[in-house]
Amino acid sequence: MRLPQPSVTVCFMGDDEQGDLFGEDDGSEQICEADMRALAGLYSDVGVDLSALSPESGRLYELSVNAFSAIIHAKMSGLPVSQAVSRFGQKILAAADAAGMSANAAAAAERGRTETAMRRAAELAAEDRGDPDACKVYEAAHKVRHEICRMRGLLRFAPGEDGVYAAICAPDHFILPALGEHFKKRFGGVPWAIIDEKRLFRLRHEPKKPFEFSRVSKVPKPLKTPQNDKWENMWRQYHKAINNESRYNPDLQKQFLPKRYWKHLTEMQEPPPD
C-alpha cells in the first residue's frame, strides 16, 4: 500500500479499510490502519487522507479538526477510552446537526451561515471540558501528545549491520506514526528505523522513498562493534560534559526522564569494560 509522501505505508494489513472513530472495540489494544494513517497525517505536511476515513469520521474532521485530533490521539493511548470516544464524537455531531436544523430555514444565499453555525456548535461541544467523556478523551490524548514530544528527544540511534541507523523504544502509547516527519527532517539522506519493542512494530525510512510501517517478529540486538562502542562512548562523554553535577537533582530527573525510559538511553548504561 502506497500513500502520498510524506505519509506512512502500512505493510501488515491486507485491506484498505475505512476507519470509524465511533466503533467500540473489545477492550484490547488494536489500532486500525486508518487510525495510524490519520495520526501520521496529523504530523505531516500533506495532512490527513480523508479517503481512508468513514463518512462519519470525515464529517467530524470537517466540523472540528481539534476534536478529530483529540480522538485519534486518545485511541492511540491504549487506554480503555473507546466508549468515551464514541459518545464524545456523537455529541459533537449531534450539536452540529441541532445547529443546522435551527438554521435550515434560511434561504440558499444564507447557506454559508448554516455551515458556520454548525462548525461553531461542533467546536463548542468539543471544548466542553465539563463533559466527562470530553475530559476522558482529552486526558488520554494529552498523554499521547506528551510522549510524542518526549520520544523525539529520547531516542538513541546506532548504525546496524545494514547501514540503517536504528533506535529501540518501548513507549507507553502507540506513537510511531507520529515520529516519521520529525526524524525524516533530522536525518536528511540517512536511512533510519525506529522499533517499538513492546508492540513489535517498526517505522523505517530511506531517502526518496515513502515511510514503511511494518510488524517485526523480534527486536534486533544492537550491533556490537568497536565503531559502535566508540560511537556510544562519544555520546556518554558529551552527556557528561554538558551535565552540571552541582545541580544534580535525582527526583527532578525522574520527573522529566522517567526510569522506564532508561533501558534505551545510552548515557544511562554502564560503558563496556576496557
*Quick one: if the Förster radius is 22 Å, what FRET efficiency do residue 182 and residue 49 give, using the C-beta to C-beta distance and rounding to 0.05?*
0.70
*Could you name the lysines whose alpha carbon sits less than 17 Å from that of residue 218, not counting residues in the same chain fewer than 8 places away?*
198
*Report relative contact order for the range 148-268 in percent, whole number only (criteria: Cα-Cα under 8 Å, sequence separation at least 6).*
23
*If we sort 155-168, 39-52 on the protection proxy, mean other Cβ atoms within 10 Å, highest first, what's the order?*
39-52, 155-168
*Just how many % of Cα pairs in the range 148-268 lie over 19 Å apart, if you round to the nearest whole percent?*
52
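Here, each number is a calculation from the coordinates, and none is a lab measurement. Computed from a predicted structure; not experimentally measured. Backbone-built Cβ (ideal geometry, glycine too); neighbour counts: all protein chains shown.
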